[in-house]
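Please treat every number below as a calculation from the coordinates, not as lab data. Everything quoted here is computed from the prediction, not taken from an experiment. Ideal geometry is used to build each Cβ from the backbone, glycine not excepted, and the neighbour counts take in all protein chains shown.
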Amino acid sequence: MTATVMALAVTLAAATLAGGFFAYAYRLERAAHHAAREWARAETTGHLIYKQGLESLYQTIDRSNGGVGKRLAECREITEAIFTHSPALFEQEAGLIHWLQATDRYLVELASKMPEDPTRAHIVNSRSAEIYERVHRAIGTEAAKV
């Protein structure tokens with residue numbers, strides 16, 4: 001083989017390798033772009049499903065006869081009623097005040113995550129959470145630390 005033929009063979013081999021590499025790199029780039037599009041689509045779909053689930057949760061809570069604010073006011077009203085009519089019950093059932101207060105805290109936290117509504121804010125503020133402190137003082141216990 002002459003030097004010219006040898007140089008042509010090496011050049012052809014290098015061009016073939018370079019062409020193959022660039023074709024491979026192009027396919028990888030296309031695959032990555034396609035994967036990124038699919039990921040974005042899946043992320044959007046996941047976001048929509050999450051948003052629909054959250055909206056469904058809000059609607060369910062809203063439809064539950066007054067929503068979270070109403071349940072919070074009822075929890076405080078129940079505590080006041082027991083304290084007024086049968087205060088000894090809190091002493092007989094030591095955990096009762098803690099359960100009612102934990103329910104109150106849960107509902108307060110849940111209400112803080114709900115969309116603002118002036119009507120519901122009035123319901124929440126219609127009864128004070130001080131009832132729990134009054135019960136604790138009356139039966140000689142301390143409120144659980146949060």
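Values computed for the structure shown
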read-out: Calculated FRET efficiency for the pair A81/A102, C-beta based, R₀ 25 Å, to 0.05; value: 0.85
read-out: Proximal charge balance of S128 [Cβ under 12 Å; K/R count +1, D/E count -1]; value: -2
read-out: Approximate spin-label separation A88-H34, in nm, with each point projected 7 Å along Cα-to-Cβ; value: 7.9
read-out: For peptides 94-105, 47-58, sequence by mean Cβ density within 10 Å, most packed first; value: 94-105, 47-58
